[in-house]
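Single-structure report; data block below.
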Amino acid sequence: MIAGLAGKTAIVTGARHGLGAATAIALAEAGVTVAVCGRKAGDCAAVVEAIERAGGRALDAALDVGDLAAVNGRISDIADRLGQLDIVVNNAATIEPMAAIAALDMEKFDMAMRVNVSGVAAVVAAAWPRLAGHGRIVNLLSGAAVRPLHGWAAYCSGKAALLMLTRAIDEEGRGEGIRCFGIAPGLVDTAMQASIRAAGINEVSSIPQENLADPKVAARAIAWLASGAGDGYAGTMADVRDADFMAKVNG
């Protein structure tokens with residue numbers, strides 16, 4: 001069990017399945033009460049049930065990060081239900097649209113930027129007063145933040161912007177006791193990777209499912225960063241494929 005998390009509370013976005021669900025479970029196993037967030041109420045009921053069955057504490061919460069006008073109220077409601085707020089994990093994201101630039105649907109491109117960047121900013125801004133003095137924020141990044149890939153103009157641009165947003169959040173938050181981390185989880189066996197394989201858009205599409213990582217690996221690293229043990233990584237993008245980083249996580 002990761003130390004330093006017992007008795008804390010967390011919001012995890014995009015937690016209906018995949019890495020978000022694995023992160024919610026990892027935090028709960030360490031003693032965190034977790035608001036498991038999907039776009040609609042009931043989306044994460046199965047994850048909440050799994051956590052409670054294992055003796056943890058969780059609640060199902062509706063939080064559509066793409067609905068910017070509603071984010072502030074939803075964060076306030078969720079934080080009130082938790083009683084306090086210590087951790088925010090911004091996992092919700094979209095890989096769409098996957099297309100060559102000349103063929104991009106610009107409405108879908110705009111929605112991707114809203115979900116992958118603006119939604120994160122909205123969640124953090126809404127949570128800020130609750131996190132002041134002690135909070136930890138973990139943003140899910142990707143190697144795509146620093147490497148362009150064919151057909152992923154929207155995703156790469158969004159993750160690059162999120163990397164800078166992560167740095168900006170930590171820069172502003174440091175003096176208020178709020179630290180922010182980015183993490184690249186590697187190629188994880190999730191529904192997003194299934195969509196990438198189906199698209200056949202670039203070299204990532206050809207990676208066999210059996211070569212993808214178990215979400216539990218990145219989930220543990222996220223929980224470790226959220227614990228405060230990894231504050232030396234604040235304002236940066238930690239990478240699960242970095243052996244030195246993972247040695248600290250598992251140490």
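Points worth noting:
- Among Asn91, Asn139, Asn202, the residue with the largest mean-square fluctuation in a Gaussian network model of the chain, with springs joining Cα atoms closer than 10 Å, is Asn202.
- Between amide H atoms placed 1.01 Å from N, distances below 5 Å from Ala213 occur with Leu187, Val188, Asp189, all of them 5 or more places distant or on a separate chain.
- Coarse-grained scattering of the range 75-169 at q = 0.13, 0.16, 0.22, 0.26 Å⁻¹, given as base-10 log I(q)/I(0) from a Debye sum over alpha-carbon atoms: -0.48, -0.67, -1.03, -1.29
- Solvent-accessible area, 1.4 Å probe, carbon plus sulfur percent, for the chain: 52
- Sequence-separation-based contact order of the range 1-108, relative, with Cα cut under 8 Å and 6+ spacing, percent: 28
- The range 176-236, accessible area per residue, ligands and nucleic acids excluded (1.4 Å, Å²): 39
- Three semi-axes of the equivalent ellipsoid, the range 28-87, Cα gyration tensor, whole Å, largest first: 21, 14, 7
- Candidates Ala79, Ala93, Ala127, ranked by Gaussian network fluctuation over the chain, Cα under 10 Å, top entry: Ala79
- When the convex hull of its Cα atoms is viewed from all sides, the range 115-210 shows a mean projected area of 6.5 nm².
- Expressed as a whole percent, the proportion of Cα-Cα pairs in the range 1-102 lying more than 20 Å apart is 35%.
- Summary of the geometry: the range 214-251 and the range 1-78, compared by the centres of their Cα atoms, lie 19 Å apart.
- Degrees between helix 68-82 axis and first principal axis of the chain (Cα, 0 to 90, nearest 10): 30
- The chain - percent relative contact order, Cα under 8 Å, separation 6 or more: 19
- Rounded to the nearest 500, the helix-only mean residue ellipticity at 222 nm of the chain stands at -13000 deg cm²/dmol, with each DSSP H run of n ≥ 4 adding -39,500 (n - 2.57).
- Crossing angle, helix 18-29 versus the chain [Cα axis fit, 0-90 degrees, rounded to tens]: 20
- Lys pairs, the chain - Cα-Cα below 24 angstrom, 8 or more residues apart or on other chains: 6
- Rule-of-thumb Rg ratio for the chain [Cα; 2.2 N^0.38 Å; N residues]: 0.94
- Rounded tilt (10° steps) of 153-173 against the dominant C-alpha axis of the chain: 30
- The residues of the range 15-100 expose on average 40 square angstrom of accessible surface per residue, using a 1.4 Å probe on protein heavy atoms.
The values are calculated or read from the model by the stated rules, or taken from the named source; none is laboratory data. In this text, all values refer to a predicted model and were calculated from it rather than measured experimentally. The area values use the complete protein model at the heavy-atom level, side chains included, leaving out ligands, DNA and RNA. Shrake-Rupley method; radii C 1.70, N 1.55, O 1.52, S 1.80 Å.
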